[in-house]
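Reading through the structure tokens given below for one structure.
Read-outs throughout are calculated quantities, based only on the coordinates presented, and are distinct from any laboratory measurement. Predicted model only: the values in this text are computed from it and were never measured. Cβ sites come from the backbone with ideal geometry, for glycine too, and all protein chains shown count toward neighbours.
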């Protein structure tokens, strides 16, 4: 990857070991309301958009709280995690430092809200490595669409073919590859049975971020 001139980093599952928080937040919220989650909770929620979850909780669990209150409660749990607990994945700082040392421009493209990820990046000491943080909510897009990656590359001033995307999620890797970006796939436990397809699609597979330096 000697020709790389720019790098775009996903956050959750790529730079931050944060996917368990997302996997657990629904159950943690219900427990905080004195409700026992039903088996297969996350399986049912994967079919929903984030804005549909409060209505689902009210219908499925009989919560009397307003949808706004449910959304605020879930967000408060996530904020607590990002503000105080989220940790970098192994090798994150070493990779960022090495790329900066090579003069490679970097930015972030994340599906998570800025108000959650920026405090975590700042607390972990890596926010200054990035020229800009792009978020799907602000860009009004989703990572099933390449727009966020294309906007990030335009900001960096690099060609798509010279801009390496670091991602962990299969659907996002597929989007970036289809748009012409080279992709470094970072292993995360959340990949599950999708790991084989991730390995097939990506240009380089990293069991750990630190492997990028070997």
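Would you mind putting 191-198, 133-140 in packing order, based on average other-beta-carbon counts within 10 Å, highest first?
133-140, 191-198
Pairwise over distinct Cα atoms, reciprocal of the mean inverse distance: report the Kirkwood radius of the range 1-83 in Å, one decimal place.
Every distinct Cα pair counted, the radius reaches 14.4 Å.
Angle, helix 147-156 long axis vs. longest principal axis of the chain, Cα atoms, 0 to 90°, nearest 10?
That works out to roughly 40 degrees.
Relative to the longest principal Cα axis of the chain, at what angle does helix 114-123 sit, 0 to 90 degrees, rounded to 10?
60 degrees
So for the chain, averaging the separation of alpha carbon pairs under 8 Å that are six or more residues apart and normalising by length, what relative contact order in percent results?
26 percent
To the nearest 0.05, what FRET efficiency results for residue 64 and residue 205 with a Förster distance of 45 Å applied to their C-beta separation?
For residue 64 and residue 205, the calculated efficiency is 0.40.
Modelling each spin label as a point 7 Å along the Cα-to-Cβ direction, I'd like the residue 122/residue 31 distance in nm, to one decimal.
Modelled inter-label distance: 3.0 nm.
Report the Cα centroid-to-centroid distance between the range 1-70 and the range 86-160 in angstrom, as an integer.
21 Å
Once you compute Rg and the Kirkwood Rh from C-alpha atoms, what is the Rg to Rh ratio for the chain?
Taking Rg over the Kirkwood Rh, I get 0.99.
Determine the relative contact order of the range 20-84: mean sequence separation of Cα pairs under 8 Å and six or more apart, normalised by residue count, in whole percent.
The normalised contact order for the range 20-84 reaches 38 percent.
Helix 19-32 against the longest principal axis of the chain: what's the angle in degrees, Cα atoms only, rounded to the nearest 10?
Helix 19-32 and the main axis of the chain meet at about 10 degrees.
Work out the P(r) tail for the range 58-113: percent of alpha carbon pairs separated by more than 15 Å, whole number.
Value for the range 58-113: 70 percent of Cα pairs lie more than 15 Å apart.
Hey, rough spin-label estimate for residue 142 and residue 3, points 7 angstrom out along Cα→Cβ, what's it come to in nanometres?
Here the modelled spin labels are 3.3 nm apart.
If each Cα of the range 99-189 is one equal point scatterer, what is log10 of I(q)/I(0) from the Debye formula at q = 0.20, 0.26 Å⁻¹?
Those come out to -1.03, -1.55, one per q.
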